[in-house]
Amino acid sequence: MSGIPERLGTQPTLSFEYFPPKGEAARHEALNTAIRLSARLPDFVSVTYGAGGTDRSRTRDMVADVCASHVTGRHRCPVMPHLTCVGHTRSEISDLLEGYAAFGVTDVLALAGDPRPDLPEGDFRYATDLIAQVRDQTDFGVGVAAFPEVHPRSPDRATDRRRLADKLSVADFGITQFFFDVDDYVRMVDELDALGCDTPVLAGVIPVTNPASVRRFADMNGTNVPADLWERLEAVDGDERLRIAVEAAAALVGQLLDVGVPGIHLYTLNVPEAAEGVLDALGVGSVATGA
Ligand code: FAD
């Protein structure tokens, strides 16, 4: 099966992100979400990585589960593990990459991760260190993270953009952190363009079904949240909250498609209804016949 780089370039790609939850029941539910959303024919799906001890094996287990349904199952598409390198040794990364190749993985999202006091020092510091090992050891496609509103550890905007352009020049594609203003995405792409970088950067879009937890992530990442949207979301719950979250995410996706985004990466939070609502609102993402 071809990897993600071969799928980029003709029309905007559609991808879904899942996280590996704790516990057997939640793991089962997450897999059911992935199987249900596979009817929307994503170009690829991804599974996030937890940097701590048991979180690591949860990612591997979920990648194995999702691969069993998406790589060899009815809807075939790449399953991309996220992989953070801070706190890892070279030989641990080597084992993980070998294991993923055996599952049929063809691509990896190469990340630094966040420094944590409970992690050992490890052999890596930046995402580019990990990319070098992935390139050395595999022929995987390589994606990287991009922050339209600048990474919180960057000293200034110009430095952030220069390092991002350098990283994208050794990767195949980028995926952004979620954001809520199309102008932030357009500005980042223009700044990269001015630096001679034209590696495709897919836009990460989150339907805000859980405003409290999305705000926590946004605060950690320096992402601006629109006060009026949060006010509307926090005033309601249940179906009405879902409706507002879907409407806002669909509006942003529509604007991104209008400015020529190379792909939309939906953060599903393992909830199928919001992703389905966004695709229905836009009339994109077909339902596989007989799935
Ligand atoms: P890098 O690209 O290494 O950059 C980190 C900082 O270091 C930036 O400020 C950069 O400018 C700076 N820098 C880079 N190179 C150099 C250099 N040579 N010298 C000096 N400074 C430099 N985290 C998880 O734990 N698990 C996940 O699954 C996960 N998935 C993610 C998916 C996406 C799409 C995104 C956008 C983020 C994800 N993250 C995840 C978060 C990510 O791990 C953190 O944001 C982390 O702090 C930075 O990772 P990075 O790969 O962007 O780092």
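Please treat every number below as a calculation from the coordinates, not as lab data. Since the model is a prediction, treat every value here as computed from it, not as a measurement. Glycine also receives a Cβ, built like all others from the backbone with ideal geometry; neighbour counts cover every protein chain displayed.
Other residues with beta-carbon under 10 Å from the beta-carbon of Gly277 carry, at +1 per Lys or Arg and -1 per Asp or Glu, a net charge of -3. Apply the a/c threshold of 1.5 to the C-alpha gyration tensor of segment 179-291 and tell me whether it is rounded, prolate or oblate. Oblate.
Under 5 Å between amide hydrogens, built in the peptide plane, is the criterion, and for Gly204 it picks out Thr176, His265 among residues at least 5 positions away or on other chains. Measuring r between the beta carbons of Asn32 and Asp237 and using R0 = 22 Å, the FRET efficiency lands at 0.40. If a/c stays under 1.5 just call it rounded; otherwise compare a/b with b/c (prolate if a/b is bigger, oblate if not). Do that for the chain, with a ≥ b ≥ c from the square roots of the Cα gyration tensor eigenvalues. Rounded, because the longest to shortest axis ratio a/c is under 1.5.
Each label point was placed 7 Å from the Cα along the Cα-to-Cβ direction; for Glu92 and Gln255 their separation is 4.0 nm. If you run the Gaussian network model on the chain, springs between alpha carbon atoms under 10 Å, then out of Ser69, Ser46, Ser91 the most flexible one is Ser91.
Here the chain is treated with +1 on each Lys and Arg Cβ and -1 on each Asp and Glu Cβ, and its dipole about the Cα centre works out to around 460 debye. Cβ under 13 Å from Gly204's Cβ, Gly204 left aside: what net charge do those residues give with Lys, Arg +1 and Asp, Glu -1? Residues near Gly204 contribute -3 overall.
For the pair Glu24 and Glu6 in one chain, pulling the backbone fully straight at 0.36 nm per residue adds 3.0 nm over the alpha carbon distance.
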